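A quick write-up on the structure given underneath.
The values are calculated or read from the model by the stated rules, or taken from the named source; none is laboratory data. Values in this document were obtained by computation on a predicted structure and should not be read as measured data. Note: ideal-geometry Cβ built from the backbone for every residue, glycine included; neighbour counts use all protein chains shown. Please note that ligands, DNA and RNA were not included when accessible areas were found on the heavy atoms of the full protein model with its side chains. Shrake-Rupley method; radii C 1.70, N 1.55, O 1.52, S 1.80 Å.
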Amino acid sequence: MVSVGAIEPAFRAILLDKLQLAHDPVFANDDATMEAERRDKVAGVFAKKTRDEWAELFALTDGCVAPVLSMDEAEAHPHAGARNAFPEVEGVSQPAPGPRFSETPGEIRIAPEAASRSDPGALAAWGFSPDAIEALCSAGIVS
């Protein structure tokens, strides 16, 4: 799976070029009646390659196409490493807060164990009743 956000004309032009749809008359204008056909054509082209093949093709472009990553993949991705997007807190990797501002930087304010679903007490703080918490624990949803 990939994400596509090529809304602005310059990014859309790159997207259509890479998909080899730049000269397709269906994409010549923004006629709303053609939207289903455009969507089907784009989906058909994307179905021909894997997520990683598309990621490689768009990696060095401004085409606004990126792979949808699992949490493990996101944590290991070079962009995440360059931005320290997953700092370690008490030995547990955590997603960093965003957005980040130079004047008011975000921070992780809760320890991993307190934020974990292994702490049924957190459910009480969120308004779950003792019976509801017990049901979730019994079902193995919360450990």
Original post:
Going by the structure shown, is Ile7 within 30 Å of Glu134 (Cα to Cα) and either touching a residue at least 12 places away in the same chain (Cβ under 8 Å) or open to solvent by 70 Å² or more (accessible area, probe 1.4 Å) (or both)?
Top reply: no
Subject >> region 43-67: number of residues that are part of a helix (DSSP H, G or I) and either of a type in the set (Phe, Trp, Tyr) or in contact with a helix residue (DSSP H, G or I) (Cβ under 8 Å, 6 or more places away or on another chain) (or both) >> reply: 4
Original post:
In region 27-44, what residues are among the hydrophobic types (A, V, I, L, M, F, W, C) and surrounded by 15 or more Cβ atoms within 10 Å (Cβ to Cβ)?
Top reply: Phe27, Met34, Val42
**OP:** Would you tally the residues in region 46-70 being free of Cβ contacts under 8 Å to residues at least 12 places away in the same chain and not basic (Lys, Arg)?
**Re:** 8
Original post:
When both residues are 6+ apart or on different chains and their Cβ atoms are under 7 Å apart, which pairs have a first residue that lies in region 72-99 and is of a type in the set (S, T, N, Q), and a second that is open to solvent by less than 90 Å² (accessible area, probe 1.4 Å)?
Top reply: Asn84/Ala96; Ser93/Glu75; Ser93/Phe86; Gln94/Phe86; Gln94/Pro87; Gln94/Ile108; Gln94/Pro112
Subject >> Residues within region 102-121 that are part of a loop (DSSP other than H, G, I, E, B) and either at pLDDT 75 or above or open to solvent by 60 Å² or more (accessible area, probe 1.4 Å) (or both), tallied >> reply: 10
